[in-house]
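The values are calculated or read from the model by the stated rules, or taken from the named source; none is laboratory data. On a predicted model such as this, the values are computed, not experimentally measured, just so you know. Note that each Cβ is placed from the backbone with ideal geometry, even for glycine, and that neighbours are counted across all protein chains shown. These accessible areas exclude ligands, DNA and RNA; they are computed on the full protein's heavy atoms, side chains included. Shrake-Rupley method; radii C 1.70, N 1.55, O 1.52, S 1.80 Å.
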Amino acid sequence: QVQLVESGGGLVQAGGSLRLSCVASRGTFSVYAMGWFRQAPGKEREFVAAISRDLASTGYGDSVKGRFTISRNNAKNTEYLQMNSLQPEDTAVYYCAASTTWYSKRQSDYDYWGQGTQVTVYS
């Protein structure tokens, strides 16, 4: 069973950038589709980005399109989320997740979750 650990969260001023990382262990990373989700206080968890097993397909939530970029390095068992032009509304706990599907944007398709990393954007 794969285990996921996120890092890279923090406090950043609006307009700034952060890069989140998620390292997988205890599993074959390349067989999983990977995704990022986030949950802001008082809100439901929402889809941020996803990437297919073979890196061929990526997708983004409407609120982050053009600002965030998902990537993965299967040789390093790591996925990334590059976040640019951050805004206060991006403040949330960000979770990485692994799915046994080829590629999915649906939370219900994700079987394994990290513990989350806090991102706080101030104006």
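Relative contact order for the chain: what percent, with Cα pairs under 8 Å and sequence separation of 6 or more? Relative contact order for the chain comes out at 36 percent. Among 46, 79, 89, the largest mean-square fluctuation in a Gaussian network model of the chain, built with springs joining Cα atoms closer than 10 Å, belongs to 89.
Remark: the residue 115-residue 73 segment gains 13.1 nm on full extension, using 0.36 nm per residue and subtracting the alpha carbon distance. The trypsin sites (Lys or Arg not before Pro) of the range 20-85 that DSSP puts in a loop, and whose beta carbon has at most 12 other beta carbons within 10 Å, are 26, 43, 65. Per residue, the average separation of C-alpha pairs within less than 8 Å and at least 6 apart gives the range 3-59 a relative contact order of 25 percent. Computed with a 1.4 Å probe over protein heavy atoms only, the accessible surface of the chain comes to 49 Å² per residue. Approximating the spin labels as points 7 Å out from Cα along Cα→Cβ, the residue 5-to-residue 46 distance works out to 3.0 nm. Residue 26 to residue 57: FRET efficiency via 1/(1 + (r/R0)^6), r the Cβ-Cβ distance, R0 30 Å, to the nearest 0.05? Plugging the Cβ-Cβ distance into 1/(1 + (r/R0)^6) gives 0.75. For residue 11, the accessible area of its heavy atoms, probed at 1.4 Å with every protein chain present, is near 120 square angstrom.
The apolar share of the surface of the chain, taken as the fraction of accessible area on carbon and sulfur atoms (1.4 Å probe, ligands and nucleic acids excluded), comes to 45 percent.
Gyration tensor over the Cα atoms of the chain: the corresponding equivalent ellipsoid has semi-axes (square roots of 5 times the eigenvalues, largest first) of 23, 14, 13 Å.
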